[in-house]
1. Among the candidates K170, K97, single out the residue that is modelled with pLDDT under 85, open to solvent by 70 Å² or more (accessible area, probe 1.4 Å) and under 22 Å from A11 (Cβ atoms).
2. Which residue pairs have Cβ atoms closer than 7 Å, lie 6 or more positions apart in sequence or on different chains, and pair a first residue in the stretch 1-25 that is open to solvent by less than 30 Å² (accessible area, probe 1.4 Å) with a second residue that is among the basic types (K, R)?
3. Read through the list (1) modelled with pLDDT of 95 or more; (2) surrounded by fewer than 17 Cβ atoms within 10 Å (Cβ to Cβ); (3) out of contact with any helix residue (DSSP H, G or I) (no Cβ under 7 Å at 6 or more places or on another chain), then give the number of the only condition that L58 fails.
4. Which count do you get for residues in the stretch 115-170 that are free of Cβ contacts under 8 Å to residues at least 40 places away in the same chain, under 28 Å from E104 (Cα atoms) and part of a loop (DSSP other than H, G, I, E, B)?
Amino acid sequence: RGEQILDLCAASGGKTTHIAQLMGDDGCITAVDNHEHKIELIKENAARLGLKSIETILFDATQDNIEWHEHFDRIVVDAPCSGLGVLRRRAEARWRKTEQDLSEFPPVQQSILEKAARYLKPEGLLVYSTCTLNEDENSKVIEKFLNNHDDFEYASLIHPLSGELLKELKIL
């Protein structure tokens, strides 16, 4: 409650609205996406649920916003990715993905993480997620980021079923 949260790449607002509900709608969640129609979806979902703590901003997360530097307590980066983890729901994507497509995402993801790091307050929490199984977009992006940022470290999390302490959680 009462925290400043940034949800980069927030479309369609599922995580944004869930966070707002967990906070008791007490705080401020800035939901960012670079597609106008997705911003509208976030607004619609927030209105449908009666949530007032969500502010939507049309913005490209690969760009820098100086006003946000060290402003947020927590940041969620659900980075654009190849989507290889959701092929079951989007079967047509199996025939549209190319090797070149897969190589385009890690630099974009890295750029977004770099910007997000600037926006986080000291001792804040940055969550990185994707919906892909491609390690080049997951572990390798995180590893490269941590190698470039001595001031960041993994925050352990507890597996929801086993209770095991983890650095990463992969849900299949």
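The values are calculated or read from the model by the stated rules, or taken from the named source; none is laboratory data. All values derive from a computational prediction rather than experimental measurement. We place every Cβ from the backbone using ideal geometry, glycine too, and count neighbours over all the protein chains shown. Please note that ligands, DNA and RNA were not included when accessible areas were found on the heavy atoms of the full protein model with its side chains. Shrake-Rupley method; radii C 1.70, N 1.55, O 1.52, S 1.80 Å.
1. On the way: K170 fails: under 22 Å from A11 (Cβ atoms).
Result of the check over K170, K97: K97.
2. These pairs meet every condition: I5/R74; D7/K15; M23/R1.
3. Failed condition: (3).
4. Number of matching residues: 12.
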